[in-house]
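Asks: Below: one structure in structure tokens.
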Amino acid sequence: MFRFLCLTVALSAVLVSAAAPARAQDVMTKESVASLKASFVADLDTLHQKFLGLAQAFPQDKYTWRPMDGVRSVSEVLMLAAMEGYSFIPMGFGAKAADLGSREEAAKLRTLSDKTQVIEHLDKGFAYAKQQLESIDAATLTAKRKVMGQDRSTADVVLFIGGDLHEHLGQLIAYARTNHIVPPWSK
């Protein structure tokens, strides 16, 4: 009897673990996706303002500063955020990337270190991402799509892209504090 009970428990555990549970984020309605998209756009506005505040707070002579060899400089982090607005953010939601010219021209943008130009692209990149997201019909976001080689729901995309941007913001905050620059929103 004890063996039968152990076998039954073991078999039940295998069957339960083998069943594919439905995750809430895999079954999204047009309304829930629209709400999620609106929240993400609001977060993008906040991120834009914080990146912009730091971009303005850093003096021009610190734009090429990096904490050590092999890591991004201040301007490279800012341009990464701008480039994500031009391409990664819109493409993650099924929209198209901005036309930045040839691959060489786009790659050259990543190397900008002039404060005025970097701020201009930061503004343009976030504006482009916001415009593209606002133009997407929420009904097209209820299904999964391939992002970075994986099938992702809209909730997954929001967490993935939002997390990435917040990580870069944190990196820039660390750069600012290391250079005795107080983030404008924390004064």
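Asks: Within the stretch 175-187, track down each residue that is surrounded by fewer than 18 Cβ atoms within 10 Å (Cβ to Cβ), of a type outside the set (Phe, Trp, Tyr), in contact (Cβ under 8 Å) with a residue 40 or more places away in the chain and not in a loop (DSSP other than H, G, I, E, B).
Replies: Across the stretch 175-187, the qualifying residues are Thr178, Pro184.
Asks: Out of the residues in the stretch 138-154 that are among the hydrophobic types (A, V, I, L, M, F, W, C) and closer than 12 Å to Gly92 by Cβ, which is surrounded by the fewest Cβ atoms within 10 Å (Cβ to Cβ)?
Replies: Met148
Asks: OK, next. Hand me the list of helices (runs of 4 or more DSSP H) wholly inside the stretch 80-140 holding 1 or more residues that are in contact with a helix residue (DSSP H, G or I) (Cβ under 6 Å, 6 or more places away or on another chain).
Replies: Correct list: 89-92, 115-135.
Asks: Would you mention how many residues in the stretch 120-137 are surrounded by fewer than 17 Cβ atoms within 10 Å (Cβ to Cβ) and closer than 24 Å to Ser73 by Cα?
Replies: So the count comes out to 4.
Asks: Tell me yes or no: at least one residue of the stretch 75-91 is aromatic (Phe, Trp, Tyr) and within 18 Å of the chain's Cα centre (by Cα).
Replies: yes
Asks: Continuing with the same structure: Quick check on the stretch 125-136. Is at least one of its residues closer than 28 Å to Asp61 by Cβ, at pLDDT 95 or above and not aromatic (Phe, Trp, Tyr)?
Replies: Yes, the conditions are met somewhere in the stretch 125-136.
Asks: Also, quick follow-up: May I ask you to verify whether Asp156 is among the acidic types (Asp, Glu), closer than 19 Å to Ala38 by Cβ and part of a helix (DSSP H, G or I)?
Replies: When the stated conditions are applied, Asp156 passes them.
The values are calculated or read from the model by the stated rules, or taken from the named source; none is laboratory data. Here the structure is a predicted model, which means the values were calculated and not measured. Heads up, the Cβs are rebuilt from the backbone with ideal geometry, glycines too, and the neighbour counts pull from every protein chain shown.
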